[in-house]
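These notes are about the structure you will find just below.
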Amino acid sequence: ILIVYPDGDLGAAERARWTGAFANARKLKVDGRPVVVSSHKFENAKSLDHALGELGAAALIACDGLSAKIGVGQLAALTRARDVLSITTREVDVARGLAIGVVPGKARDEIVVNVAAAAAEGVKFDAGLLQLARTVVEQR
């Protein structure tokens, strides 16, 4: 999992929040493989693409403020080219082409899924997850 954050205080705070959330990930395994969480300070699309390839990331978490540095369309193009699942905390970014959002709801956080974007990233969700999530259609 690659946590991508923009320069500045907001980016640093978001990176710290996500890193803390995954603090116990070192103990997790998926299909017998350890879950590795890394962070990447966004500088440009080329360096992000290189980091995705070098680390073999399966998922990218786009921290708040990242879509102001790189457009959602360009970010989605990178994740789709490398079959990397994109995750954000902004529903508008899911509607614009990222795959999953964990967004504030009325009573608790909600999972929002853009099924077409996820499919373009090579991801197929279990029906159980889709029953829990709210789906959105990509806006063009």
Q: Report the label-to-label distance for Lys106 and Ala16 in nanometres (one decimal), using points 7 Å from each Cα along the Cα→Cβ vector.
A: 3.4
**Q.** For the chain, calculated [θ]222 nm from helices alone, where every DSSP H run of n ≥ 4 adds -39500 (n - 2.57)
**A.** -10500 deg cm²/dmol
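Please give me, ordered by residue number, the chymotrypsin sites (Phe, Trp or Tyr not before Pro) of region 1-49 that lie in loop per DSSP and have at most 14 other Cβ atoms within 10 Å. Walk me through the numbers on the way to the answer.
On the way: sites: Trp18, Phe22, Phe42; in loops: Phe22, Phe42.
Nothing satisfies the criteria.
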**Q.** Radius of gyration and maximum dimension Dmax of region 46-140, Cα, Å
**A.** 12.7, 39
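Tally Lys and Arg at +1 and Asp and Glu at -1 over the other residues with C-beta under 10 Å from the C-beta of Val115: what net charge comes out?
Numbers: positive: Lys124; negative: Glu138.
Here the count lands on 0.
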Q | Whether region 7-84 is rounded, prolate or oblate, judged on the alpha carbon gyration tensor where a/c under 1.5 counts as rounded | A | oblate
Q. Percent of accessible area on the chain owned by carbon and sulfur, 1.4 Å probe?
A. 51
Q. With the other protein chains left in place, how much accessible area per residue, in square angstrom, belongs to the chain at a 1.4 angstrom probe?
A. 58
Q: Enter the mean projected area of the convex hull around the alpha-carbon atoms of region 46-97, in nm², rounded to one decimal.
A: 3.2
(Q) Please report the antiparallel percentage of the DSSP beta bridges confined to region 1-129, to the nearest 5. (A) 30
Q. Could you give me the ³J(HN,Hα) list for region 78-83, computed from phi with Karplus coefficients 6.51, -1.76, 1.60 and θ = phi - 60°, whole Hz, x at Gly and Pro?
A. 5, 5, 5, 5, 10, 6
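The values are calculated or read from the model by the stated rules, or taken from the named source; none is laboratory data. Predicted, not measured: the structure shown is a model, and the values here were computed from it. Using ideal geometry, Cβ is built from the backbone for each residue, glycine included, and neighbour counts are taken over all protein chains shown. Side chains included, ligands, DNA and RNA excluded: accessible areas come from the protein's heavy atoms. Shrake-Rupley method; radii C 1.70, N 1.55, O 1.52, S 1.80 Å.
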